1. Looking only at region 9-40, count every residue that is farther than 14 Å from LEU72 by Cβ, touching an Asp or Glu at 6+ places or on another chain (Cβ under 9 Å) and not polar (S, T, N, Q) and tell me the total.
2. Looking at this structure, is THR20 closer than 20 Å to TYR110 by Cβ and not acidic (Asp, Glu)?
3. Quick check: anything in region 110-122 acidic (Asp, Glu), assigned to a helix (DSSP H, G or I) and at pLDDT below 85?
4. What's the total number of residues in region 66-109 that are at pLDDT 80 or above, under 26 Å from ASP43 (Cα atoms) and of a type in the set (Gly, Ala, Ser)?
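The values are calculated or read from the model by the stated rules, or taken from the named source; none is laboratory data. Predicted, not measured: the structure shown is a model, and the values here were computed from it. Cβ placement follows ideal geometry from the backbone for every residue including glycine, while neighbour counts extend to all protein chains displayed.
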Amino acid sequence: MTDFCNEAYYLFFSTLANRTRLGIIDILKGGPKSIAEIAKILDQSQDVVSANLKQLEKCVFVTSKGSGKEQLYSLNMEIIQPISHALEFHTAKHCPDLRKCIPAEKFREYMKKEAAKETFIEHE
């Protein structure tokens, strides 16, 4: 296993340890979206979405193209795809009933409520 510093682990995992950011990642699975589109789906202010997109961009989980109201955000599949595969493997092996617990539509509603919570980890 490659040696990593604790700070790299912290930055990586703390960026993902946020319901709003996970909601944004889930939304962007459907393709590029603007801040306004993401905010509407999450029922969050554009300022909250923008702040969380900045953290996702900082770790390169998300990329953007364009500027102003024309700016669209997309998932960086080079990063997200291996994470998704690792999660699928872990879930299949260690949490096989997880997918049965929460149907997709209930999960999206749950994510929307969780995204509304204002507690999250700040990066320095």
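1. 3
2. It is true that THR20 is closer than 20 Å to TYR110 by Cβ and not acidic (Asp, Glu).
3. Taking every residue of region 110-122 in turn, at least one turns out to be acidic (Asp, Glu), assigned to a helix (DSSP H, G or I) and at pLDDT below 85.
4. Total meeting the criteria: 5.
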